[in-house]
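Read through the structure below, which is laid out as structure tokens, and then see the notes.
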Amino acid sequence: MAKEPIEFTDKVVKVESLNDLPEVPVSQRFTLVNKTGSWRNVRPVLEEQNAPCQNACPLKVWVQSFIDLLTRGKPEEGAIEILRNNPFPLLTRKLCKAKCEIACNRKKYDAPVSIRELEGFTGNIAYEKGLFPKREESLGKKVAVVGNSETMMSAAYFAYMYGMDVTLYASKPFDGLGLSDDEVKREVDRLKKWGIKVIEEDKDPDTLKSEFDAVITDKKDVENKLTFQTQDEKIFAAKPERKDISRDFYFGKRAAKSVWQYLKGEEITKDAPPPRAVSFNNIVTDYFEPEDRIDTINTMEEAIAEGNRCFSCGHCNSCGNCYVFCPDAAISWVDDFPVVDYDYCKGCGICVNECPRSVLILVPERG
Amino acid sequence: MSFKKVLTGNHAVSYGATSARVQVISAYPITPQTTIVELLSEIVAEGKLDAIFVNVESEHSAMSACIGASAAGARAFTATSAQGLALMHEMLHWAAGARLPIVMANVNRAMAPPWSIWTEQNDSLSQRDTGWMQFYVESNQEAYDYVIIAYKVAEQVLLPAMLVLDAFVLSHTSEPVEIYDQEKVDEFLPPYEPKFAIEPGKPISYGALSKPDTYMEFRYKMQKAMEKAVDVMEKEMNLFNEMFGRNYGLVEPYMMDDADYVIVTSGAMTSTARAAVHEMREEGKKVGLLKMKTFRPFPFKKVREMLKGRKKVAVLDRNISFGHHGIFYEEIKSAMYPVEPKVPLYGYILGLGGRDVTVKDIKEIYEDLVKREEMEEIIWKGVKL
Amino acid sequence: MIMRNWQVPLEENLLEGHVACQGCLGALAMRLMLKGLGDNVAVAIPACCWTIISGDVLYHALKVPVFHTAFETAAIAATGIKAGLTMRGKKDTTVLAWAGDGGTFDIGLQAISGAAERNEDIIYAVYDNEAYMNTGIQRSSATPYGAWTTTTPAKRPEDKPKKDIIEILAAHRVPYIATVTPAYPEDFLRKVKKAKEIKGFRFFHIFSPCPPGWKMPSDYSVQAARLAVQTKVFPLLEIENGEKYTINYEYPKEVPLEDYLKLQGRFKHLFKTPEKIEVIKEQIKKRWEYLVMRHKLTHGTTDNIVRKVFYK
């Protein structure tokens, strides 16, 4: 028997006379006519939240996202995600204090996720494949970065990412970190390969003011410790503290950001404190199996296994709970993500309560 | 080729269901119905009828299984009696409300307590308002024929039908019955083509909650279907007569042409009344007999036509609506209300719980009828006062 | 397609716009059941919440046909539909009887017993919300000990344990019995798919929390169902041919019964009579020990019971 195509619509059956009704009490149309969304007084909204690892990281690496991409089978995209905030993941793998892991919610469950290792392993893919993050639109502005410190290496990297033409003057890049010549060469070659001009000599930053639109240096004292401005509006200064390499990279990143704001003619603003992170109490631990932490990661299998331990706090990693548990079939699964149909969602809140990672939140309906 | 076979009334019903090629049979034993389904189970087991036989755990379930099967588009059959029919009551409404053309045989049996297994019509007449068609048969041949006719009508008007036969007097009494050639029956009653079946690929809900804005219309349609059933019955019985040579009507008059007095009966008692009327006619009495065959839909027009202008009418009821009258009497009286001049009608209660109704009883009723002047609400015949 | 936690078909046979209350797991149970069964299905629904959920007489909430039937007749109406479809050559259609606990534990039990004993080729599923919810939360024989309902007021709450419907069905030696709850959707679907391939009478006991009836916020219903499994209030199991018992899952940690009870207003009064909570704990313990004994008898070990935190 050939199936007649059935149109599942929200059309109403108009009953004006007897003829509009069937002889037998059988349905004519479908409940799609009932827009049960009108029952709702709260609405579930998919809204990215910060994770404690992310907040703890000086560089604000979007850990949940890169781990999600890695474990979703998109390691290259994961690597690029890291590079948006962390210029030298192989150096952080070796030297970072990993405050992310201290803050990791999973610590309260079994053991923190090996974020530093995962970040290094994933970042390494970018090294091997010569990947870099997307650059901001070019401002047509030239910036000189002067100095050997890791902070200046980071400043050069981010200034370039923010769309400036960057010339790095450094006679001994990464001086004082105890890196091997190979390591230094590896990182400097990356900068060059990306498009940063590297001139291996020391310069007096003041002499570059006429040639460049702005200068970042570690050779001068800073005026504003939050924006890294100096008394000279064209010169920005940042020095490493040598307490935590990520923090020293952050100084360079922040100086580059100030330059960017300056060159765009915007007000130079300090970084706002990050939004509150998802806490352990927000995690529905019933959806996680206790697993041994993998301390060092050498293979993709290990990386995925360890990555799968991540609670993905505040970041939708397509677990599917909201979709599966919706009693009203009001959540559909489109391109691997949930889409709420507010015409029918009754606002029961199950999706929010069952979201293991607090990405879905309930917001009151107006009126 | 058709053939004649000596059959009890119950077995005539079994043969009727077989000839009608019922597809699902579901039944529960109760005296005096049981031999209907016993024989059917044998016929199915022998492969002479392609049907599923479900041995359920109650009459309520027997009817429910028929309802499910009929909703799925199959021709469904069951048989019951008395307490069993009463237990089915809820589902009788369901079958009718769902507009399912189920056919059932009910063997009239008195309701308990006290226990009785003998004939009386209170069981089937208690189901008057369920939306089922009801046909009261007089002979085993009628029992056989009416299974076939019932399906033919039911499947056109989408209402269930009950044929009713008397306990023992018909159910367990043998008579020769003509069983028709199957091809001819198939021609008269082709396979059921359901319009609204529950089947995969058709996402419908069947019988869900109807609010006050639609419920009344569904009931209106049921009443219209009942009204239509009168015409369909007449049409189909004409065809039946053409094909099988048996002329049935909604009612059956006997020696009515010039009758001043009419005795109205239903069921097997009619045969006794017929003999009595025949004898009385020979004695020169102008008496006729009207057999009520179709109780639902009620044949208003025919009844009025038949009883108009008679001197007096006696309605014989093997049933009683306590606190009121015999049920046929009550119905005929209400049907005759608009007929002028008024025909005096008298209701007689007799034969309850299978008490014998004899030719003598009928003759006495006639004598009583002729002399009666005063209206009396209820007249008992044969009760030991 | 990526969905990390679940392998479930995206096919939906439940339409939006059905009128179940917010957070109704009876609705979710139907959604999952039809994800498992597909659309070659016919359903019989007796009087129960689903009489209302599926909508007004002129509208329908499922992509499969439904016959609404009387309260006590789900099992037999499904039997009839199966017989009718079989006679019409539609032998491969799965016929599902879908009833509430009142229609199953109480008024429908006779027809279930009949259909089970005859081993009718249908799936009977009860979505058990532990009271007559559709009529306004009256006590049924599925109402658990200690629960408030509108006919077992808090001053004199339910004083009988829940009827053990599974054992009644097991005594009928039906080919397949499963307990499931939508909180464990893959366990649910796996059992539905398994049942679909079995011929004969198959019984699903579906634990279906009801937010209004349990006096509980609507977002808690999946959590309540999960806690019911974790606390062994509702063990997930399968019984084959009435003999082979398999406990599918045991939560690896001890979860206090109170965690389950305190989610629900219907047990609020119990916290004033802790001895009654102990009675429930004792019932749970005895039932679990019995099931473990049966599992051992079947499997010779209990090592094959899944003991993970996240059971699917």
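For the stretch B:251-380, what's the relative contact order in percent, using C-alpha pairs closer than 8 Å and at least 6 residues apart? Numbers along the way, then the final one.
On the way: 223 pairs, mean separation 35.7, N = 130.
After rounding, I find 27 percent.
Rg and Dmax of the protein assembly as shown, based on Cα coordinates, read 41.0, 148 Å.
The calculated FRET efficiency for A:SER279 paired with C:GLU243, based on their beta-carbon distance and R0 = 60 Å, is about 0.75.
Here the 3J(HN,Hα) profile of the stretch C:250-258, calculated from phi with Karplus coefficients 6.51, -1.76 and 1.60 at θ = phi - 60°, is 9, 5, x, 10, 6, 10, x, 4, 4 Hz, Gly and Pro shown as x. Toward the positive end of the charge dipole of the protein assembly as shown, with +1 on the Cβ of Lys and Arg and -1 on the Cβ of Asp and Glu, the farthest Cα among B:ALA167, C:PRO157, C:ILE168 is that of C:PRO157.
Any chance you could give the angle, 0 to 90 degrees and rounded to 10, that helix B:140-157 forms with the longest Cα principal axis of chain B? Approximately 60 degrees, to the nearest 10. Most simply put, the stretch A:142-263 has about 5% antiparallel DSSP beta bridges, counting only bridges with both residues inside it.
Summing Lys and Arg as +1 and Asp and Glu as -1 over all other residues whose Cβ lies under 10 Å from the Cβ of C:VAL306 gives a net charge of +1.
Legend: mean number of C-beta atoms from other chains within 10 angstrom of residue C-beta atoms, peptide C:173-181, equals 0.
Modelled this way, with points 7 Å down the Cα-to-C-beta line, the labels at B:ALA275 and A:ARG366 are 9.1 nm from one another.
Using alpha carbon coordinates only, what is the Rg to Rh ratio of chain B, with Rh defined as the Kirkwood radius? Each step should come with its number before you reach the end.
Numbers: Rg = 20.5 Å, Rh = 21.2 Å.
Result for chain B is an Rg/Rh of 0.97.
The charge dipole of the stretch A:142-263, taken about its Cα centre with unit charges on the Cβ of Lys, Arg, Asp and Glu (plus for the first two, minus for the last two), comes to roughly 380 debye.
Please state, rounded to one decimal and in Å, the Kirkwood hydrodynamic radius that the stretch B:86-228 gives when every pair of distinct Cα atoms enters the mean of 1/r. Taking the inverse mean of 1/r over all distinct Cα pairs, the stretch B:86-228 comes out at 17.0 Å. Evaluated at q = 0.10, 0.15 Å⁻¹, a Debye calculation over the C-alpha positions of chain A (equal weights, vacuum) places log10 I(q)/I(0) at -0.72, -1.22. Per the Cα gyration tensor, chain C maps to an equivalent ellipsoid with semi-axes of 29, 23, 20 Å, ordered largest to smallest.
Peptide A:112-123 is shielded by partner chain Cβ atoms: per residue, an average of 0 of them sit within 10 Å of its Cβ.
Look at A:SER65, B:SER2 and count the other Cβ atoms within 10 Å of each Cβ; fewest to most, that gives B:SER2, A:SER65. Taking the 0 to 90 degree range and rounding to the nearest ten, how far is the long axis of helix B:34-45 tilted relative to the main principal axis of chain B, both from C-alpha atoms? On a 0 to 90 degree scale, this one is about 30. The angle separating the long axis of helix B:9-19 from the principal Cα axis of greatest extent in chain B is about 40 degrees. Pop the C-beta distance of A:THR207 and A:LYS97 into the FRET formula with R0 = 41 Å and round what comes out to the nearest 0.05. The computed FRET efficiency comes out at 0.65.
Mean per-residue shielding of peptide A:285-293 is 3, counting Cβ atoms of other chains within 10 Å of each Cβ. Distances between placed amide hydrogens fall under 5 Å for C:TYR176 paired with C:PHE203, C:ASN241, all partners being 5 or more residues away or on another chain. At q = 0.15, 0.21 Å⁻¹ the log10 of I(q)/I(0) for the stretch A:226-356 amounts to -0.92, -1.15, computed by Debye summation with a single uniform scatterer per C-alpha, solvent ignored.
Give me A:TRP194, B:TRP380 ranked fewest to most by other Cβ atoms within 10 Å of their Cβ, as a rough exposure proxy.
Ranking A:TRP194, B:TRP380 by Cβ neighbours within 10 Å, fewest first, gives B:TRP380, A:TRP194.
Annotation: the residues C:TYR311, B:TYR15, sorted from fewest to most other C-beta atoms within 10 Å of their own C-beta, follow the order C:TYR311, B:TYR15.
Amide H contacts of C:ALA97 (H built 1.01 Å from N, in plane; Pro and chain starts excluded): C:ALA44, C:ILE123, C:TYR124, C:ALA125 sit under 5 Å, all sequence-distant by 5 or more or on other chains. Restricting the calculation to Cα atoms, every distinct pair contributes to the Kirkwood radius of the stretch B:251-380, found to be 14.5 Å. For the stretch C:265-312 and the stretch B:318-347, what is the separation of their C-alpha centers, rounded to whole Å? Result: 67 Å between the Cα centres. Could you run the Debye sum over the Cα atoms of the stretch A:142-263, one equal point scatterer each and no solvent, and tell me log10 of I(q)/I(0) at q = 0.09, 0.16, 0.21 Å⁻¹, two decimals? For the requested q values the scattering log ratios are -0.19, -0.64, -1.15.
Which residues in the stretch C:64-81 have a backbone N closer than 19 Å to a point placed 7 Å from the Cα of B:LYS202 along the Cα-to-Cβ line? The answer is C:64-69, C:77-81, whose backbone nitrogens lie closer than 19 Å to the label point.
Distant-in-sequence amide contacts of A:VAL145, defined by a placed amide H-H separation under 5 Å and a gap of 5 or more residues or a different chain, comprise A:THR167, A:LEU168, A:TYR169, A:ILE216. If R0 is taken as 56 Å, the Cβ-Cβ distance between B:LYS211 and A:LYS74 corresponds to a FRET efficiency of 0.60. Across C:LEU62, C:LEU270, C:LEU297, mean-square fluctuation computed from a Gaussian network of chain C (C-alpha pairs under 10 Å connected) peaks at C:LEU297. Remark: the stretch B:58-69, residue by residue, has Karplus-estimated 3J(HN,Hα) of 6, 5, 4, 6, 4, 5, 5, 5, 4, 5, x, 5 Hz, where x stands for each Gly or Pro and the curve is 6.51 cos²θ - 1.76 cosθ + 1.60 at θ = phi - 60°. The stretch A:148-213 and the stretch A:74-114 have their alpha-carbon centroids 24 Å apart. When the Cα positions of C:GLN22, C:TYR249, A:THR167 are compared along the charge dipole of the protein assembly as shown, A:THR167 comes out farthest toward the positive end, with charges on each C-beta of Lys, Arg, Asp and Glu.
Of the beta bridges in the protein assembly as shown, as assigned by DSSP with both residues counted there, near 30 percent are antiparallel. With a point put 7 Å past each Cα toward its Cβ, work out how far B:THR358 is from B:LYS371 in nm, to one decimal. The answer from the label model is 1.9 nm. Each DSSP beta bridge with both residues in the stretch B:251-380 is either parallel or antiparallel, and the antiparallel ones are about 20%. The stretch B:1-56 and the stretch B:176-239 have Cα centres spaced 22 Å apart.
None of the figures in this text is laboratory data; all of them are computed from the coordinates on show. Just so you know, these numbers come straight off a predicted model, no measurement behind them. Methodologically, a virtual Cβ is constructed for each residue, glycine included, from the backbone with ideal geometry; neighbour enumeration extends over all protein chains shown.
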